[in-house]
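Have a look at the structure below before the remarks.
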Amino acid sequence: LRTPLTSIIGSLDIVQGGVFGPVSDSISQIIAVAYTNSQRLKLLIDDLLDLEKITAGKLNFAFEYLQLAPIVAQSLESMRPYDLILHPAIESDLLVRVDAIRIQQIFANLISNAIKFSPEDEVVDIFVKKINDNVRIEVSDKGSGIPWAFRANIFQRFSQADGSDSRQQGGSG
C-alpha cells in the first residue's frame with residue numbers, strides 16, 4: 001500500500017513544485033486536493049499497519065523521559081489556525097515518560113476530532129493536570145459527544161456512531 005502511494009505523493013509534489021513548468025490555477029487546485037487527500041490516505045494506511053502490529057503484539061514503543069510542554073506546544077501549533085486554549089500553562093520542567101511519536105499521534109487524533117465535531121466558532125480546550133506523580137491531559141469540545149448507546153463500541157476497529165453515507169462528518173472510525 002505504501003509503495004504506490006509514495007510514488008503518487010512524490011509525483012504530485014514534483015508537479016506542485018513546478019518541475020514541469022507552471023500549471024493553470026484550476027489544475028493547481030486539483031493537484032492540491034489530490035496531494036492533501038493522498039496525505040490523509042497515507043495516515044490511514046499507517047493507522048491500519050499500526051492496528052495490525054497491535055493485534056500481533058508487535059508494536060514497538062520507544063519510551064523516554066521528555067518535557068511535556070514542547071510536545072503539547074507542537075501538537076497545538078500543528079492544528080493552527082483553529083481556536084485551541086491550553087489550561088493552565090504547562091510547567092517547563094514537567095517530564096513525562098512517553099513514546100514521542102505515539103503521543104503526537106494521540107494528540108493529533110484527539111484534537112482533530114474535537115475540532116471536527118465542535119460547533120463553528122467554538123474553542124477546543126486542552127487541560128493539563130498534574131495528579132501526584134501522574135499527568136492527565138483532557139481535550140474538551142462543545143460538540144454533541146458520543147451517544148450513550150454507542151459508548152461500548154468506541155474502541156472497536158473503524159467503529160462510527162453514524163456510519164451512514166449521509167453523516168455530516170467524515171472519518172474512518
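The values are calculated or read from the model by the stated rules, or taken from the named source; none is laboratory data. Nothing here was measured: the structure is a model prediction, and the numbers come from that model. Quick note on the areas: whole protein, heavy atoms, side chains included, nothing else; ligands and nucleic acids left out. Shrake-Rupley method; radii C 1.70, N 1.55, O 1.52, S 1.80 Å.
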query: For the chain, what is the mean residue ellipticity at 222 nm derived from helices alone (per DSSP H run of n ≥ 4: -39500 (n - 2.57); sum divided by total residues; nearest 500 deg cm²/dmol)?
result: -15000 deg cm²/dmol
- request: Working with all protein chains in place, sort Tyr35, Tyr82, Tyr65 by solvent-accessible area computed with a 1.4 Å probe, largest first.
  value: Tyr65, Tyr82, Tyr35
- line: Listed residues Val124, Val98, Val15; largest mean-square fluctuation, Gaussian network over the chain with Cα springs below 10 Å, found at Val15
- prompt: Based on the alpha-carbon gyration tensor of the chain, what equivalent-ellipsoid semi-axes (square roots of 5 times the eigenvalues) come out, in whole Å, largest first?
  reply: 31, 22, 20
task: Identify all lysines with a Cα-Cα distance to Lys116 below 22 Å; exclude those on the same chain that are fewer than 8 residues away in sequence.
output: Lys42, Lys142
- prompt: Of the heavy-atom accessible surface of segment 117-165 (probe 1.4 angstrom), what whole percent is carbon and sulfur?
  reply: 48 percent
task: Determine the relative contact order of the chain: mean sequence separation of Cα pairs under 8 Å and six or more apart, normalised by residue count, in whole percent.
output: 15 percent
query: So how tilted is helix 68-78 from the main axis of the chain? Cα-based, degrees 0 to 90, rounded to 10.
result: 30 degrees
message: Using Cα springs under 10 Å in a Gaussian network model of the chain, which residue among Ser26, Ser144, Ser78 shows the largest mean-square fluctuation?
response: Ser26
- prompt: Sequence-distant or interchain residues sharing an amide H contact under 5 Å with Glu122, placed H: which?
  reply: none
query: Does anyone have the angle between helix 25-56 and the longest principal axis of the chain? Alpha-carbon axes, 0 to 90°, nearest 10?
result: 50 degrees
message: Which of Pro22, Pro147, Pro119 ends up with the largest GNM mean-square fluctuation for the chain, with Cα atoms connected below 10 Å?
response: Pro22
